[in-house]
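Where a number appears in this text, it was derived from the coordinates with a stated rule and is not lab data. The structure displayed is predicted, hence computed values, not measured ones. Every residue, glycine as well, gets a Cβ built from its backbone with ideal geometry; the counts of neighbours run over all protein chains shown.
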């Protein structure tokens, strides 16, 4: 089939006066239904216009490089197929981060928020000779948030983040959640203190954009709710039980 | 004038090996910077799925010596046995260390690290499959990459993200740093160091069907080769048996570890013919060849060029029952243990592996060859193990050689942590006593002229045309099966493409900021150089061993070929190499230190 692409472009090195974003249309012929949007963007770049600029690496949804707005919704370009969007598609950079060139945004503010939540294992007790033991049940508590690939689809779909870039954002909270609810970790209190800040979890208004935006299927809003509840209770203990996430979300 | 930075140590590449090395060099007191063309979490380590092998013995009795044996045998006896023993022994401690860093491994009923079966991993010297692969669902590599990056943040390692290294600087017989292009600005930076470790990964993008990221263009290997560092065992490139049909996306061997089986168009579990003892869990080279042979006999599915990988519970349970095993699997087990695999198949194929078999074909996956190193990560430049002071390598770009002619599943992750750690430790010690060797004048000039040539290129050939032509010819003629005429044709084709690359290239983007058109074109030059020396090395090795399977020399020839290939560019520069014959020698003997004490490590016929 033929497919029309409408792509948001920005060339930071255009002549003075012309240096502003614009839309450009491209047509591709011979598109197969199972072609990934990423492959089709490559075809445009390789066959038609080498200046089209985007990030990509693994091309199968694990590296998190190619987050973009596809028909108004945050997706990884390598996880959307032609048949998912039909014959016309509109592509823009993700929102809320400065655009550097075409579909490439400045990721530094995103990673700065990530680093602010102490996103690393903290356990100052003496290390045992073998592995620390953890029950399957306890391992399950934080399983969902270990899937995060830091693609920024959630954070840049969040209206609260768009309104205030100081907000730490869903992805950073997901990363904090992964440690806060890990029974082996001893840094929960420090992280809860960081996230109790005005620019922490309370900027979340439970708008829920983040959850459907996640290409890894993480229940992002639920995770944020669980962190909120842990802050309210002063401890992560017992927060995650059957259904606690939903309660936390509806109470917040 | 380039920007100049000075660090004790530079680590090029931020995958598992690079991060592990950076962490250990930092912990050892060195001032370290990691220079990477990607944000660290985009590195390809993150896509590794099934597990990391270590003889923990959490579920089955296991020993490092058994792991070393499997590694040597899996490598078809080209594996340096000292390196295999280091790998197998230190794997245990490395995995425990990852757990102590917080890595969320799956757990056994007792709360220990859970382990699963994987191809070629056996107990008691090949007797039966053993549960050795430590796993975090089917995203073990993702968890390793995340965990190591987290630890680097914790230890304040300096990162230069989205800086593409384009040249290595050698002076007075030592490695003194690298030149990198900052993608965001197009500016060149010179990094001056006492020690430089290359951990830039592989070059699967030489082939058309590959599991590898677009970014795996072999930059580190190509640019060191251009500067005169030899490349070892380039003819050995692994084709993983189970890539998603046409797309090449990897389907982990863990699927077969959980009981999945390969089925041909006649409905047969064909691996029973090729590996009667461990069947679908034979080494990857063996399984990939078996698939090709089935396809050749017309046994593909619906007569096409793919077979099925079937992990549906009825099929798996049928074969478990046949094998007399009491274990059974449910749809829920498959969902739980292989979530990412299910997601890939549902998204890309519209196939639900819980209910339907997956169409698969072999996919270019892993470079066994690369920059030769000793077991401390030091780069060695000849058959006498002469060290190039200040240069180190680890991970896929390096050739220790712990993988020999064919790497075992899970051993790439073991390699990263074991030899990344060794490299980092060695660097920490080295920089304590070494002085900075001065930079040569205008260190960036040569590569700057190459970058400028590409930026201004205005010929008639777009990079993708050359890339696709190279990938096609390499897939057809220097793939799973090879023979003299075909390899020679591929070499000719690649050389024609190289000539066009150097004389008739054309790119569109003349800018400086985020010029990915330019960088892709430069990376293509790396791929072409590596494709060329892969073909030359493959042509030279007149035997079949591991992943190098010659139809005109079908047998392994231990008399003449228990040696490593070393290929070397004799006209060092920063430019893509010209068309001339590089030096190629096979003087470097395989280390046989285990065999000298234990008869079981002496090369013998390899059956599974």
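The table that follows gives values for the structure above.
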| quantity | calculated |
| --- | --- |
| DSSP beta bridge pairing in the protein assembly as shown, given as percent antiparallel to the nearest 5 | 70 percent |
| Label-point gap, in nm, between residue B:63 and residue B:504 - each point 7 angstrom along Cα→Cβ | 6.2 nm |
| Per-residue average of Cβ from other chains inside 10 Å of B:212-219 | 4 |
| Förster radius 22 Å - calculated FRET efficiency between residue A:47 and residue B:446 (Cβ-Cβ, nearest 0.05) | 0.10 |
| Relative contact order for chain A, counting Cα pairs under 8 Å that sit 6 or more residues apart, in percent | 16 percent |
| At 0.692 mPa s and 37 °C, Stokes D of segment B:538-607 from Kirkwood alpha-carbon radius, µm² per second | 225 µm²/s |
| Inter-chain shielding of B:99-108 (mean C-beta neighbours from other protein chains, 10 Å cut-off) | 6 |
| Helix B:463-477 vs. chain B, principal-axis angle (Cα, 0 to 90°, nearest 10) | 40 degrees |
| Kirkwood Rh, Cα atoms: Rg over Rh of segment B:92-212 | 1.09 |
| Computed label-point distance, nm, for sites residue B:108 and residue A:232 using a 7 Å Cα→Cβ extension | 4.1 nm |
| Value in Å of the Kirkwood radius, where segment A:44-192 supplies the Cα pairs that are averaged | 17.5 Å |
| For B:515-524, mean number of other protein chain Cβ atoms within 10 Å | 3 |
| Rounded to 10°, Cα long-axis angle of helix A:170-180 versus longest principal axis of chain A | 30 degrees |
| Contact order relative to length of chain B, as percent, for alpha carbon pairs under 8 angstrom and 6 or more apart | 22 percent |
| Rg and Dmax of segment B:398-450, Cα atoms only, in Å | 17.2, 45 |
| Cα gyration tensor category, rounded, prolate or oblate, for the protein assembly as shown with a/c compared to 1.5 | rounded |
| Sequence of B:417, B:229 once ranked by neighbouring C-beta atoms within 10 Å, starting from the fewest | B:229, B:417 |
| Projected-area average for chain A over all orientations - Cα convex hull basis, square nanometres | 15.9 nm² |
| Radius of gyration and Dmax over the Cα atoms of segment B:250-362, both given in Å | 13.3, 36 |
| Rounded Å value of the spacing that divides the Cα centres of segment B:454-504 and segment B:420-451 | 32 Å |
| Sorted by Cβ neighbour density within 10 Å, fewest at the top, the residues B:121, B:376 | B:376, B:121 |
| Rg/Rh for segment A:108-251, where both radii come from Cα atoms and Rh is the Kirkwood radius | 0.95 |
| Spin-label pair residue B:321/residue B:460, simplified geometry with 7 Å Cα→Cβ offset, distance in nm | 6.6 nm |
| FRET efficiency estimate (nearest 0.05) - Cβ-Cβ, residue A:162 to residue B:3, R0 41 angstrom | 0.75 |
| Rg/Rg_globular for segment B:374-488, with Rg_globular taken as 2.2 N^0.38 Å and Rg from C-alpha atoms | 1.50 |
| MRE, 222 nm, helices only [DSSP H, n ≥ 4, -39500 (n - 2.57), over the protein assembly as shown, to nearest 500] | -10000 deg cm²/dmol |
| Rounded to whole Å, sorted largest first: equivalent-ellipsoid semi-axes of chain B, Cα gyration tensor | 36, 27, 24 |
| Proxy reagent accessibility, fewest Cβ within 10 Å first, across A:58, B:134, B:345 | B:345, A:58, B:134 |
| Cα-based helix-to-principal-axis angle, B:140-154 vs chain B, degrees rounded to 10 | 40 degrees |
| FRET efficiency estimate (nearest 0.05) - Cβ-Cβ, residue B:583 to residue B:560, R0 22 angstrom | 0.70 |
| Cα gyration tensor category, rounded, prolate or oblate, for segment B:464-540 with a/c compared to 1.5 | prolate |
| Quotient of Cα Rg and 2.2 N^0.38 Å for segment A:161-239, N being how many residues it contains | 1.03 |
| q = 0.10, 0.16 Å⁻¹: log10 I(q)/I(0) that the Debye formula gives for segment A:3-105, counting C-alpha atoms only | -0.25, -0.65 |
| Cβ crowding within 10 Å averaged over residues, with A:200-206, B:205-211 ranked highest first | B:205-211, A:200-206 |
| Cα convex hull of segment B:438-588, projected area averaged across orientations, nm² | 11.0 nm² |
